Amino acid sequence: MTFPLENLDLNDLMLKCIELAKQANNNNYKPLVGAIVVTPNGMIRGQGYRDYIGKGLNMIMHAERAALDSAIGYAPGSCLITTLEPCVRVTRKQLFSSCSELIVERGIDTVVYGLLDKSACFNASAGVNYLYQHGINVKRFNNEAIQELIIKELMWNPDQN
Ligand SMILES: [Zn+2]
């Protein structure tokens, strides 16, 4: 069974992800990322955002993992919507395995991502390619106005660095 994406209001869900992303403890640390898990019948059963956690807030919990952890039991066959392409590489500050591996492990059917991750430490499309190779349906979100909002509100502003 393929996840019935046509039944979802992806614009509304991506806007919800943007609002979630902004809940991070220190929302000056970009990129902010928000993610939601939706079941095939359209219920939101998991949500999360990228945040600094641990002693001294020196570790990072990624949005996708936070969303999947809160979706206990509902992940298999569901859709994960995220503002940014899921990672495949684990950085020094990040706990646990990469989000792409976790998405596969948890049985997610479909991933919708807002933007490719073009940050310095990741290869853009590596996450998308990993997911494709592991049989996940991957869809690039295609509302330009909302993608502009993701860039403006959640991503690094190159002019400020
Ligand atoms: Zn990640």
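The values are calculated or read from the model by the stated rules, or taken from the named source; none is laboratory data. The model shown is predicted, which means the values in this text are computed figures rather than measured ones. Don't worry about glycine lacking a Cβ; one is built from the backbone with ideal geometry, like all the others, and counts go over all protein chains shown.
Does the range 102-114 include one or more residues that are among the aromatic types (Phe, Trp, Tyr), assigned to a strand (DSSP E or B) and away from the ligand (no atom under 12 Å from the Cβ)? Looking through the range 102-114, none of the residues is among the aromatic types (Phe, Trp, Tyr), assigned to a strand (DSSP E or B) and away from the ligand (no atom under 12 Å from the Cβ).
Being within 16 Å of the ligand (Cβ to nearest atom) and among the hydroxyl-bearing types (Ser, Thr, Tyr) is the filter here, so list the residues in the range 24-54 that pass it. Result: TYR29, TYR49, TYR52.
Of the residues making up the range 115-131, those that are within 11 Å of the ligand (Cβ to nearest atom) and surrounded by fewer than 15 Cβ atoms within 10 Å (Cβ to Cβ) number 0.
The set of residues in the range 55-90 being away from the ligand (no atom under 12 Å from the Cβ) and either acidic (Asp, Glu) or in a loop (DSSP other than H, G, I, E, B) (or both) consists of ASN58, ASP69, ALA71, ILE72, GLY73, TYR74, ALA75, PRO76, GLY77, SER78.
Within the range 23-37, the set of residues being touching a Ser or Thr at 6+ places or on another chain (Cβ under 6 Å) and either part of a strand (DSSP E or B) or hydroxyl-bearing (Ser, Thr, Tyr) (or both) comprises GLY34, ALA35, VAL37. I need the full set of residues from the range 1-22 which are exposed (fewer than 14 other Cβ atoms within 10 Å of the Cβ), at pLDDT 95 or above and part of a loop (DSSP other than H, G, I, E, B), in order please. Scanning the range 1-22 gives PRO4, ASP9, LYS22.
Pairing residues of the range 101-118 that are within 26 Å of LEU149 (Cβ to Cβ) with residues that are within 11 Å of the ligand (Cβ to nearest atom) and in a strand (DSSP E or B), at Cβ distances under 6 Å and at least 6 apart in sequence or on separate chains, gives TYR113/THR82; LEU115/LEU84; ASP117/LEU84.
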